[in-house]
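First the structure, in the form of structure tokens, and then the observations on it.
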Amino acid sequence: MKLRQLALLLILLSSAHAKEVTMAFGEKIPPFCFPQTNSGIELEVIGEALAYRGHVLKPVYFPFARIPVAFKNREVNAAMTDLGEDLSPYGAKYGDPAVIYDNVLITLKSRNLYLRQPSDLKGLSVISFQGAINRYPDWLNPVKQDGNYYEQNDQKVQVLTLDKGRYDVVLSDRSIFRYFTLQMKKTEGFLPKPVQEHRFTTVNPQDYRPVFRDAGVRDDFNAGLKQLKESGRFQAIYDKYLKE
């Protein structure tokens, strides 16, 4: 068979195999997900990994808590996360983690705070993303009982209030905090004070695996994700949003 005919055959086979993957994403998680432009680190990584073998990502946006519900109700055939609920009984095939949300405690460096155990937060005010207290009750419940715990979904506000000293500690994903800091530096002339990160939990990549209803699509996604990492494209997507 001539090379041209072989190439055409491969294209036709790839096209026949390609599927539209409707995946549930959170409504707005900068810099991981921007629904208004169908962009962001997580969307671009997953979309390009699927495209590696011809699949097309079609994101569908839900309030974060509804993501696993949408999968169980068969409103979508994939989801960015299971939110800690095993979706295997509902036909989920788990892929490799595309991105990892790396939550840390952040303080102003000038405060010289050292946070190694929950008791170290005694007397300190903490601002965090919504729902964090459910994920880290040992750390945050005592702070709440003392009246020093606050949740704020607009994580730009977290950066500003920490910088102004209105709160002692921010609990945030490292990439989200960095993204908003960089955006304000670029667009508002923001000059942030130096900060210090305190790791208080061990990240488990398995907590951030996407789920698929089709095992073949899952396998193709895994292959595409591997290629993105080996080629350097994975890091390039992160750098697009987070490099100064």
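The values are calculated or read from the model by the stated rules, or taken from the named source; none is laboratory data. Bear in mind that the values here come from a model prediction, so they are computed numbers and not experimental data. Every residue, glycine as well, gets a Cβ built from its backbone with ideal geometry; the counts of neighbours run over all protein chains shown. SASA here: full protein model, heavy atoms, side chains in, ligands and nucleic acids out. Shrake-Rupley method; radii C 1.70, N 1.55, O 1.52, S 1.80 Å.
Could you please give the count of residues in the range 121-147 that are farther than 20 Å from T202 by Cβ, over 24 Å from the mean Cα position of the chain (by Cα), polar (S, T, N, Q) and loosely packed, with under 15 Cβ neighbours inside 10 Å?
1
Quick test of your reading of the structure: D239 fulfils all but one of (1) without any contact (Cβ under 8 Å) to a residue 60 or more places away in the chain; (2) open to solvent by less than 20 Å² (accessible area, probe 1.4 Å). Name the failing condition by number.
(2) is the only condition that D239 fails.
What about D96, is it assigned to a helix (DSSP H, G or I), closer than 28 Å to M80 by Cβ, out of contact with any Gly (no Cβ under 6 Å at 6 or more places or on another chain) and open to solvent by 30 Å² or more (accessible area, probe 1.4 Å)?
Values: assigned to a helix (DSSP H, G or I): no; closer than 28 Å to M80 by Cβ: yes; out of contact with any Gly (no Cβ under 6 Å at 6 or more places or on another chain): yes; open to solvent by 30 Å² or more (accessible area, probe 1.4 Å): yes.
No: the conditions fail for D96.
Those residues that are assigned to a helix (DSSP H, G or I) and either among the hydroxyl-bearing types (S, T, Y) or in contact with a Ser or Thr (Cβ under 9 Å, 6 or more places away or on another chain) (or both), I need them from the range 48-76; list them, please.
If the condition is that a residue be assigned to a helix (DSSP H, G or I) and either among the hydroxyl-bearing types (S, T, Y) or in contact with a Ser or Thr (Cβ under 9 Å, 6 or more places away or on another chain) (or both), then F64, I67, P68 are the ones that fit.
If we scan the range 171-183, do we find a residue that is of a type in the set (A, V, I, L, M), open to solvent by 40 Å² or more (accessible area, probe 1.4 Å) and farther than 22 Å from A24 by Cβ?
Going through the range 171-183, the residues of a type in the set (A, V, I, L, M) turn out to be 171, 176, 182.
Still in the running and open to solvent by 40 Å² or more (accessible area, probe 1.4 Å): none.
No, because not a single residue in the range 171-183 is of a type in the set (A, V, I, L, M), open to solvent by 40 Å² or more (accessible area, probe 1.4 Å) and farther than 22 Å from A24 by Cβ.
State all residues of the range 197-244 that are of a type in the set (S, T, N, Q) and part of a helix (DSSP H, G or I); if no residue qualifies, say none. First the steps, then the outcome.
Restricting attention to the range 197-244, the residues satisfying the condition of being of a type in the set (S, T, N, Q) are 201-202, 204, 206, 222, 227, 231, 235.
Within the range 197-244, Q206, N222, Q227, S231, Q235 qualify.
Of these, K193, K229, which one is in contact with a Lys or Arg (Cβ under 8 Å, 6 or more places away or on another chain), of a type in the set (K, R) and over 17 Å from K93 (Cβ atoms)? I'd like the intermediate steps shown before the answer.
Working: K229 fails: in contact with a Lys or Arg (Cβ under 8 Å, 6 or more places away or on another chain).
The match here is K193.
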